[in-house]
Amino acid sequence: MPVLLTVMPVRENSFMTPYESALSKKLSQAIELSSSLTKWANATGNDFPPEESILQALIQHIQFANRQFEEQWQRYWELCEKRRQLAHESEDGIKPINERLWDDIGYQFKGGTVANDLIKILYLKIHRLQLPVFPANRRKPVLYKDLRLHEDSYALLGQYFSWLLDLLQIVDFIPVNPSYCLKEFREQARQFNVLTQEVTQEAEILRTIQLTQSHLYKQLNQVMNTVRGRLLTYKRDTKRVMK
């Protein structure tokens, strides 16, 4: 006997994008189609066709993948939010620290040497680096180029900041403000870079899950067409018997 399938709860249609609504509708149609095929097989006394088990397996895989995507999306968002705050959403963020350091650098050093010129270049790169907004949405496809731009931008920020601190150590830079020191900043840069590596891995997992979803829905379309053909056969056979 086939396993009874139920529709997963979804948000009201008014809060769903066309993309999300289309996927939800497709899954509901597949479940209804599976139920209809089961009823017709029982009514005609035929064995359950192979399409039935394939359809039910696909529905279950899609429901599982959808839950995975929601959970992964949430995890990715939480880590991105943590990293965003470490980057520029607090006084101790990398970008604000970069500005404070530059005030001290300008006070102590002048241009004209390779190290000092590189320090200025790195300061400007951090200062001007645009950090894209969160690139993922549960209700539309996650575009790989958006994920890469997002992750590469934060990776560059951590890289530039680490190089800046390395150069400041080489030139024996001493911050004017005694409340912070380069050693603390280096540890902060290390933690930021480790977090960025973790977030990038989570982004790849999110993208992989979505690719799986897309592949499963394509398979679902094919199987649903086959099941509709099977139902037409049942209906024709039933009409012949009734004549």
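The values are calculated or read from the model by the stated rules, or taken from the named source; none is laboratory data. Just so it is clear, the model here is predicted, and its values are computed rather than measured. So basically every Cβ, Gly included, is an ideal-geometry build from the backbone, and we count neighbours across all protein chains shown. Heads up: the accessible areas ignore ligands, DNA and RNA and are worked out on the full protein's heavy atoms, side chains in. Shrake-Rupley method; radii C 1.70, N 1.55, O 1.52, S 1.80 Å.
Observations, loosely collected:
- Listed conditions (1) more than 16 Å from residue 100 (Cα to Cα); (2) touching a Pro at 6+ places or on another chain (Cβ under 9 Å) are all met by residue 131, apart from (2).
- The residue list 64, 69, 161 contains one member that is more than 15 Å from the chain's Cα centre (by Cα) and within 18 Å of residue 210 (Cα to Cα), which is 64.
- Some residue of the stretch 145-164 being of a type in the set (Lys, Arg), open to solvent by less than 40 Å² (accessible area, probe 1.4 Å) and either touching a helix residue (DSSP H, G or I) at 6+ places or on another chain (Cβ under 6 Å) or assigned to a helix (DSSP H, G or I) (or both): no
- Residue list for the stretch 165-196, restricted to those being within 31 Å of the chain's Cα centre (by Cα) and open to solvent by 70 Å² or more (accessible area, probe 1.4 Å): 186, 187, 190, 191, 194
- Residue in the stretch 134-155 that is under 20 Å from the mean Cα position of the chain (by Cα), within 30 Å of residue 30 (Cβ to Cβ) and hydroxyl-bearing (Ser, Thr, Tyr) present: yes
- Applying the criterion of being touching a helix residue (DSSP H, G or I) at 6+ places or on another chain (Cβ under 7 Å) and open to solvent by 20 Å² or more (accessible area, probe 1.4 Å) to the residues of the stretch 83-95, the residue that is farthest from residue 35 (Cα to Cα) is 95.
- Options 78, 20, 12, 70: the member that is more than 30 Å from residue 187 (Cα to Cα) and at pLDDT 85 or above: 70
- Just one of (1) in a helix (DSSP H, G or I); (2) surrounded by fewer than 17 Cβ atoms within 10 Å (Cβ to Cβ) fails for residue 62. It is (2).
- Within the span defined as the stretch 213-220, every residue fails to be closer than 18 Å to residue 102 by Cβ and open to solvent by 60 Å² or more (accessible area, probe 1.4 Å).
- Test: residue in the stretch 130-143 that is touching a residue at least 60 places away in the same chain (Cβ under 8 Å), part of a helix (DSSP H, G or I) and not hydroxyl-bearing (Ser, Thr, Tyr): no
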